[in-house]
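Just below is one structure, and these are the notes that go with it.
Where a number appears in this text, it was derived from the coordinates with a stated rule and is not lab data. Model, not experiment: these values are computed from the prediction. Note that each Cβ is placed from the backbone with ideal geometry, even for glycine, and that neighbours are counted across all protein chains shown.
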């Protein structure tokens, strides 16, 4: 199985990369964040970043630090795996145990980033279907990022700076158009 994990800052284009790999290159894209959103809805919780962080930490404590990677691989296998898809690409990995699990399975980690103002504009301009998550000030946006960068001693919580340190491919997605992004991705991933 060809396997990629995507990590990066909020609004950097993680889902766009996954969708591009699915529609243009035959990969199955699994959003682990969508899994967490679905679980929040099932629990009757507002789909807010704080609740998603709480659920992901619970899952890591009960299923191991790489549980979200394992869940994405299960989805891939359930949907036909290698017989149907070129490979699996998943986003958004936010705990170093997920990067470690992906590497154990032979995958590569991709880190996406962009200028904070560009990322903030992307998430607040709408159209992503995440109004509750995306309605915030720039200061709130940056505070959320800071809260997710390093865990506070609990290995099951988010620590995207540690994930970044485990990435194999680094991409700056500060461009203005999807076409620029797709060209950049194709070059970086040799597609």
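Counting alpha carbon pairs within less than 8 Å and at least 6 residues apart, what relative contact order, in whole percent, applies to the chain?
Over the chain, the number comes to 33 percent.
Among 109, 90, which comes first, then next, by fewest other beta-carbon atoms within 10 Å?
109, 90
May I ask for the Rg/Rh ratio of the range 1-62, computed from Cα atoms with Rh as the Kirkwood radius, given to two decimals?
Expressed as Rg/Rh, it is 1.02.
With each run of n ≥ 4 DSSP H residues scored as -39500 (n - 2.57), what mean residue ellipticity at 222 nm is computed for the chain after dividing by its residue count and rounding to the nearest 500 deg cm²/dmol?
-15500 deg cm²/dmol
Which residue fluctuates most in the GNM of the chain (Cα springs below 10 Å): 42, 95, 173?
Maximum fluctuation in the GNM of the chain, among the listed residues, is at 42.
How long is the gain from residue 104 to residue 61 if the chain were fully straight, where each residue apart is worth 0.36 nm and the alpha carbon distance is subtracted?
13.6 nm
Pick from 99, 72, 155: which is most flexible by mean-square fluctuation in a GNM of the chain where alpha carbon atoms under 10 Å apart are linked?
Judging by the Gaussian network model, the answer is 155.
Which of the three applies to the range 12-99, rounded, prolate or oblate, going by the alpha-carbon gyration tensor with a ≥ b ≥ c and a/c under 1.5 meaning rounded?
Taking the square roots of the gyration eigenvalues as a ≥ b ≥ c, the range 12-99 is prolate.
Could you tell me whether the range 71-191 comes out rounded, prolate or oblate from its Cα gyration tensor? Rule is a ≥ b ≥ c as square roots of the eigenvalues, rounded for a/c under 1.5, then prolate if a/b exceeds b/c, otherwise oblate.
oblate
Which of these, 100, 154, 172, has the largest mean-square fluctuation under a Gaussian network model of the chain (Cα springs below 10 Å)?
Answer for the Gaussian network model of the chain: 154.
Neighbour counts of other C-beta atoms within 10 Å: give me 123, 110, 89, 185 arranged from fewest to most.
If I rank by nearby Cβ atoms, fewest first, I get 123, 185, 110, 89.
Students often get this wrong: which residues of the range 2-23 have the backbone nitrogen under 15 Å from the point 7 angstrom along Cα-to-C-beta of residue 180?
Answer for the range 2-23: 12-13.
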